[in-house]
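A short write-up of the structure that comes next.
The values are calculated or read from the model by the stated rules, or taken from the named source; none is laboratory data. What you are looking at is a predicted structure, and each value in this text was computed from that prediction instead of being measured. A quick note on method: Cβ atoms are made from the backbone with ideal geometry, for glycine too, and the neighbour counts reach across all protein chains shown. Areas reflect the complete protein model, heavy atoms only, side chains present, ligands, DNA and RNA absent. Shrake-Rupley method; radii C 1.70, N 1.55, O 1.52, S 1.80 Å.
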Amino acid sequence: MRMSNALIPTLRDNPADADTVSAQLLLRAGFIRKSAAGLYHYLPLGKRVLSKIETIVREEMDAFGGQELLMPIVQSADLWLQTGRWHAYGPEMFKVTDRHDRQFCLGPTHEELITDLVHSEVTSYRQLPLRLYQIQNKYRDEKRPRFGLIRSREFIMKDLYSFDRDPEGLDKAYWDMYQAYTNVFNRCGLKFRPIEADGGAIGDSQTHEFTALAEIGENTVVFCDCGYAANIEIAPCPAPQPKSGNEAELAMEKVYTPDAKTIEAVSAFLNVSATKTIKTLFFQADEELICVLVRGDREVNDVKVQRVHPCLALEMAEEDAVAKVVNGGFGSLGPVGLANVKIYADLEVEQMTNLVCGANEEAYHFINVNPGRDFQVEGYYDLRMMTEEDPCPKCGQKTDSARGIEVGQVFKLGTKYSEALGAKYLDENGKEQVMHMGCYGIGVSRTMAAAVEQYNDENGIIWPKSIAPYHVVVVPISAKDETQMAIAEQLYADLQKRGVEVMLDDRNERPGVKFKDADLIGYPVRITVGKKSAEEGTVEYKLRTEAENEVVALSEVVEKTVAYIFS
Ligand SMILES: [Zn+2]
């Protein structure tokens, strides 16, 4: 490709609303353009990167028995009603109505469609197992699209679905895909970890998230030298020390605590440690308001709460909703005297004596509150977020944590969808059996953004070789110099003959501008043709990962480049 003909609209400055490094760099380097909130154009460079990731994904899916197909994006509501997800999916589903008033959605995922298809086409054990996949646009009407391609409303996914005769077959499919995903992300050059994750509403389902490590990640990964790695959402906290019994329970008292509306302010005002206070939080669990208690210095883990109190959506309650059950504002909430609200408490709360909590009255707190004596709960459960002080759940040693972006997930669905949509087969004895399913997703566009989050510097993107839009940029210092251009053209042709993907920067621009663009776009290799190329037969060879140039003989540069790119 010649830069003079290419649509690569680079920008000098970061667009105002680009909120992450990957969004900034992909926009600035001319890979993507925003069309509307959470919707992006992939410009020619961006499309090339996507295609490379897709090729890697296809090769690995095919290597593990995947067969590619393509299903409609627009899906009828009927199937979603059968699985109960038409309403359960919530406002994130893009719904559309056709001219006959029939309802459809833009597919956020394809379990319903694929299961219905397999239900129609597969009837015998002889046709199983099956692994079917597609690479396609998916839709999620995010409330707040952000982070560029990472939380967008339209995105590109690979989704594979496995159909097996029994749980053993599903287990094989699951671990095959686990291996395929490991291969995909290794080949894309990502730094990632497969981690144990929350099986969601299906409860005991087995699932792993493939998490690309990055500061902006919305997931926190807990990991340990012993091999334990999990999403913090599911990392179990150790059982608390039982209370010693040395501390006598004192009489509960209401005390005036003006302006003390946070745990810090209350513990400072009363001169007690935050570990002697409790945090009282209200959640909206679908239609129901529930109350959750954790020690004052702890954070509530929503996923653990949702396991104890199953619901479709769990969100922090609005102050108005809470005001209907208590008098005090958010600064003085507590469990004492709460009626008609289910209270769930963390295990640590049960072991506390003479604790401090809000009195549900503006500017007042209770002291010397004792669980069981002064308030009752539905139960005590592990409801808090693990911290770095907590030991590894597997080996008891110290853990580390990191932020990450989920780029893939493997998930055992079992028979949930096959039961709902009648995906059954006849076994050797002519007996009807339900198929066992798994689903396996890779965020293709998200993988592209995750790579940029991991590989960049102050000058721009540093693409891993395997997914770079072009391998090499050839930069003649002066496009007007016929000798230089002739050498550059020859290099351009010779490299392409060897299978190297080359951009020739033939623009009539100052060298500084071309170098800046080359760094911003992030080609793995830059070859500069200058005066010395004609006079001494040398070029400058620079890797994007290195700060310094190397002077290389013109006669050797093609071999050197080929060796680097295809190593
Ligand atoms: Zn461990």
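Some observations on this one:
- So Val266, is it in contact (Cβ under 8 Å) with a residue 60 or more places away in the chain, open to solvent by less than 70 Å² (accessible area, probe 1.4 Å) and under 30 Å from the mean Cα position of the chain (by Cα): no
- Scanning segment 278-302 for residues that are open to solvent by 20 Å² or more (accessible area, probe 1.4 Å) and in contact with an Asp or Glu (Cβ under 6 Å, 6 or more places away or on another chain) returns Gln284, Arg295.
- From Ala274, Ala265, residue being closer than 21 Å to Asp374 by Cβ and among the small types (Gly, Ala, Ser): Ala274
- Screening Leu250 on (1) of a type outside the set (S, T, N, Q); (2) surrounded by fewer than 16 Cβ atoms within 10 Å (Cβ to Cβ); (3) farther than 30 Å from Ala323 by Cα; (4) modelled with pLDDT of 90 or more shows it passes everything except condition (3).
- Number of the condition not met by Thr353 [criteria: (1) away from the ligand (no atom under 15 Å from the Cβ); (2) assigned to a loop (DSSP other than H, G, I, E, B); (3) open to solvent by 30 Å² or more (accessible area, probe 1.4 Å)]: (3)
Condition check ((1) more than 30 Å from Glu546 (Cα to Cα); (2) among the acidic types (Asp, Glu); (3) away from the ligand (no atom under 16 Å from the Cβ)) across all residues:
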site	(1), (2), (3)
Ala359	yes, no, yes
Glu378	yes, yes, yes
Tyr381	yes, no, yes
Met386	yes, no, no
Gly396	yes, no, no
Gly404	no, no, yes
Thr415	yes, no, yes
Ser418	yes, no, yes
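- Residues satisfying the stated conditions in segment 213-229, i.e. modelled with pLDDT of 90 or more, within 16 Å of the ligand (Cβ to nearest atom) and assigned to a loop (DSSP other than H, G, I, E, B): Cys224, Asp225, Cys226, Tyr228
- Taking the listed residues Arg146, Arg187, Arg193, the one that is within 16 Å of the ligand (Cβ to nearest atom), at negative phi and not polar (S, T, N, Q) is Arg193, with no other qualifying.
- Scanning segment 12-45 for residues that are more than 23 Å from the chain's Cα centre (by Cα) and modelled with pLDDT under 95, we see that the one that is most open to solvent (accessible area, probe 1.4 Å) is Arg12.
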